[in-house]
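One structure is given here, and the rest of the page talks about it.
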Amino acid sequence: MIDWTKPVTTRDGRKVRVLCTDGPGKYPVIGIVEDAVRPVVDRWMQNGKAISDPGDDELDLINDPEPAVEIRIGADMNVDFTKPLEWSAGKCPARYLGTLTGAITPLYRHVIAVDYPSMEQVRLVDDRGFDKDKWTVINTPGPAVEIVRWVNIYDRGTDICDVIYNSKEMADAVADALRIACVPITIRYRRGEGL
C-alpha cells in the first residue's frame with residue numbers, strides 16, 4: 001500500500017506531485033508527472049495502479065525509495081587504498097591516485113578519482129575515507145557468495161517451517177509425518193553484509 005504522506009514516483013522513476021487522493025470515480029488520485037518534455041496530469045486508483053490490470057505498469061505509483069544511509073563509526077574504519085574502492089554517493093567505482101606529502105600534511109591528503117556515469121571527478125579524503133562534505137570512499141565489498149540450504153515445510157497453521165538445514169539429507173533425517181514439502185532456499189550475501 002502506498003503512503004500518500006511520502007513522495008511518490010512512477011514505477012519507471014518519474015517524480016509525481018500528488019494533487020489529491022479523494023477525486024471522483026475509479027481513479028481518485030490525481031497528480032502531475034514530471035516528464036522530461038512537459039508535465040502531464042494523470043489519474044490513478046487508490047492503490048496507485050494506473051490501470052485495473054493486475055500486472056505492473058510503468059505508470060503505477062510507488063513510494064520514492066529512501067536513499068540508503070551508511071554510517072561508519074570506529075577507529076578501525078580506515079580505508080585500505082591498495083584495495084578496490086567505491087564512492088558512497090551513488091556507489092560509483094573510485095581509484096586511488098596518490099597521497100599529498102610535504103612539510104605540512106593536510107587532513108584531506110589522499111587523492112581519489114570517482115568514476116561517475118557522466119564524468120570523472122577528483123576528490124581529497126582523509127585516512128578514514130571522508131571528504132570535507134562527509135561523503136566517503138569505502139573498500140568495495142567482496143564478491144557475492146551464494147549458498148543453498150533446505151527447509152522442511154509443515155501444515156501446522158501459522159508455524160509452517162522450523163530450521164534451515166545444510167543439506168536435503170539433513171532435513172529429511174529430522175522430518176516428521178506432518179511435513180508437506182522440503183524446499184531449497186538460495187541465500188546470496190557478501191562478507192560483512194548487514195553487520
* Take the Cα gyration tensor of the range 8-63, multiply each eigenvalue by 5, square-root it, and list the three semi-axes largest first, rounded to whole angstrom. => 16, 14, 9
* **Paramagnetic label zone (point 7 Å from Cα along Cα-to-C-beta, Gln46; backbone N under 19 Å) in the range 1-31** => 1-6, 18-31
* Report the Stokes-Einstein translational diffusion coefficient (µm² s⁻¹, integer) for the range 145-189, Rh taken as the Kirkwood radius over Cα pairs, at 4 °C with viscosity 1.567 mPa s. => 120
* Structure fact -> Per residue, the convex hull enclosing the Cα atoms of the range 79-129 spans a volume in Å³ of 70
* Note, ³J(HN,Hα) from phi for the range 173-180, Karplus 6.51, -1.76, 1.60, rounded to Hz, x at Gly and Pro -> 5, 10, 5, 10, 5, 7, 5, 10
* To do: With label points built 7 Å along Cα→Cβ from the Cα atoms of Thr101 and Met1, find their separation and express it in nm.
  => 6.3
* Structure fact -> One finds, for Asn166 and Ala89 with R0 = 45 angstrom and r their Cβ-Cβ distance, a FRET efficiency to the nearest 0.05 of 0.70
* Pair Glu34, Thr21: separation of 7 Å Cα→Cβ label points (nm) -> 2.0
* Structure fact -> Residues Tyr189, Tyr27 in order from fewest to most other beta-carbon atoms within 10 Å are Tyr189, Tyr27
* To do: May I ask you to list the lysines whose Cα is less than 24 Å away from that of Lys26, ignoring any residue fewer than eight positions away on the same chain?
  => Lys6, Lys15, Lys49
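All of the numbers you see were taken from the coordinates with simple rules; none came from a lab. What you are looking at is a predicted structure, and each value in this text was computed from that prediction instead of being measured. Cβ atoms come from the backbone with ideal geometry, glycine included; neighbour counts cover every protein chain shown.
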